[in-house]
Amino acid sequence: MTQSYEPILLCRFPGESEIRRFTPTAQEATHEDRLYFGEAELRPWPGMKLSDGMEVCGTSTSKDVYEAGLSRLIPKLKERSGKTVICRQICGRFSIFEPERMALEYFEAFPDMFCFMFYHPSTGWWMGASPELLLEVLTPNLAKTRALAGTRPRDIEEAWSAKNIAEHNIVVEDICRGIASLGSDVEAEALRPYNFAYGQIEHLCTPILVCSKSSPLQVDRLIDTIHPTPAVCGYPRKIAISDISDIESYPRQCYGGLIEVPAATGKLAYVILRCVHFDSEKWCVYSGSGITPDSDPSDEWDETESKAAPLVELLKKYSY
């Protein structure tokens, strides 16, 4: 990779070594809700306007503020049930600004994830290693997605906790319900769940196949229907988005958005997670967890720490 401050998207597919490079053509303009990097497309968090620009947050979310927000939210969830994903910020300042070197190091640490770094004047720099596959088109009539929710330290032998299972099932059921709403021609099949490792933690993961029995899948409509899933937003969606606006102290910007890239089979879409927003002076890591009626604020804080730890440790090598 060569350093460039021109708009660019770099990504590496899971299990591959090739770093793919996408750049805008001269005719491509910035839209309110998406960017185009050639054949690739980027969408920020729903409701974010790219024309407003994205300033890097410089103040970390304190534990007191985070836990106070959850203490307001959890009683509401006990009354109505459901789930809301709440994220927080972990911030620092660079002593060395070498984005390409930093990206290569992060990519190498997560060979089985979808790794990305992009820059655009309307977004600034973003980098991440996302486990969150939203959609992979396999044939014109077949695609797959997955429900990824429930988090614990890696390689625990005991069964998953009731809280994690309930959180996970909300995601599976909502994705399948959304797919079913597309009509009788489209079917969803949830496969056997398994443990999905990410660094020193693991998630409960259920692959879901999406099949159109006669006509080709309407991929854009399918993406719009299931995104954002309860894994990154919550359920019910509208109520969860309202909770997020009320509790989170800083806008999500591109966190929880989408990167869509062409693949050999059609299209690959990943959610922008395990990520950092940065400029030449400061950085801000976004980390979230799914809050349910059974959540404990202190435990959820620890979960966000675990999810962010690999990225924060890397950034500290380049920081004061």
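The values are calculated or read from the model by the stated rules, or taken from the named source; none is laboratory data. Computed from a predicted structure; not experimentally measured. FYI the Cβ positions are ideal-geometry reconstructions off the backbone, even for glycines, and counts take in every protein chain you see. Heads up: the accessible areas ignore ligands, DNA and RNA and are worked out on the full protein's heavy atoms, side chains in. Shrake-Rupley method; radii C 1.70, N 1.55, O 1.52, S 1.80 Å.
A few remarks follow.
- Annotation note: Cβ proximity below 7 Å between a residue of segment 198-211 that is within 10 Å of Val171 (Cβ to Cβ) and touching a residue at least 24 places away in the same chain (Cβ under 8 Å) and a residue that is open to solvent by 10 Å² or more (accessible area, probe 1.4 Å) and polar (S, T, N, Q) (sequence gap 6+ or interchain) occurs for Leu204/Asn164; Leu204/Asn195.
Residues checked against (1) at positive phi; (2) of a type in the set (Lys, Arg); (3) in contact with a strand residue (DSSP E or B) (Cβ under 7 Å, 6 or more places away or on another chain):
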{"position": "Ile247", "(1), (2), (3)": "no, no, yes"}
{"position": "Tyr255", "(1), (2), (3)": "no, no, yes"}
{"position": "Val271", "(1), (2), (3)": "no, no, yes"}
{"position": "Arg274", "(1), (2), (3)": "yes, yes, yes"}
{"position": "Asp299", "(1), (2), (3)": "no, no, no"}
{"position": "Asp302", "(1), (2), (3)": "no, no, no"}
{"position": "Ser306", "(1), (2), (3)": "no, no, yes"}
{"position": "Pro310", "(1), (2), (3)": "no, no, no"}
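- Close pairs (9 angstrom Cβ cut-off, 6 or more residues apart or separate chains): at positive phi in segment 132-145, surrounded by 16 or more Cβ atoms within 10 Å (Cβ to Cβ) and in a strand (DSSP E or B) anywhere: none
- Any hit, segment 129-147, residues being assigned to a strand (DSSP E or B), open to solvent by 50 Å² or more (accessible area, probe 1.4 Å) and touching a Cys at 6+ places or on another chain (Cβ under 7 Å): yes
- Taking the conditions (1) among the polar types (S, T, N, Q); (2) touching a Lys or Arg at 6+ places or on another chain (Cβ under 7 Å); (3) touching a residue at least 60 places away in the same chain (Cβ under 8 Å) in turn, Asn164 satisfies each one other than (3).
- In segment 96-116, the residues that are touching a residue at least 40 places away in the same chain (Cβ under 8 Å) and part of a helix (DSSP H, G or I): Pro99, Glu100, Met102, Ala103, Leu104, Glu105, Tyr106, Phe107, Ala109
Every residue, every condition in (1) acidic (Asp, Glu); (2) buried (at least 21 other Cβ atoms within 10 Å of the Cβ), yes or no:
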| residue | (1), (2) |
| --- | --- |
| Asp64 | yes, no |
| Ala68 | no, no |
| Lys78 | no, no |
| Thr84 | no, yes |
| Glu98 | yes, no |
| Met117 | no, yes |
| Thr123 | no, yes |
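- The set of residues in segment 60-79 being of a type outside the set (D, E, K, R) and either within 22 Å of Ile241 (Cβ to Cβ) or part of a helix (DSSP H, G or I) (or both) consists of Thr61, Val65, Tyr66, Ala68, Gly69, Leu70, Ser71, Leu73, Ile74, Pro75, Leu77.
- Candidates Cys11, Cys57, filtered to the one that is open to solvent by less than 20 Å² (accessible area, probe 1.4 Å) and not in a strand (DSSP E or B): Cys57
- Single residue of segment 270-320 satisfying the filter (part of a helix (DSSP H, G or I) and of a type in the set (Lys, Arg)) that is nearest to the chain's Cα centre (by Cα): Lys307
- The residue that is modelled with the lowest pLDDT, among those in segment 148-159 that are closer than 22 Å to Pro310 by Cβ and part of a loop (DSSP other than H, G, I, E, B), is Asp155.
- Put simply, of Glu41, Glu67 the only residue that is among the acidic types (Asp, Glu), touching a helix residue (DSSP H, G or I) at 6+ places or on another chain (Cβ under 6 Å) and closer than 30 Å to Glu173 by Cβ is Glu67.
- Residue pairs whose Cβ atoms lie under 9 Å apart, sitting 6 or more positions apart in sequence or on different chains, and linking a residue in segment 214-239 that is over 13 Å from Ile175 (Cβ atoms) and at pLDDT 95 or above to a partner that is crowded, with 23+ Cβ neighbours inside 10 Å and of a type in the set (Ser, Thr, Tyr), are Gly234/Thr84; Ile239/Thr84.
- Members of segment 254-301 found to be within 24 Å of Ile19 (Cβ to Cβ) and either of a type in the set (S, T, N, Q) or without any contact (Cβ under 8 Å) to a residue 60 or more places away in the chain (or both), listed by number: Ala264, Thr265, Ser280
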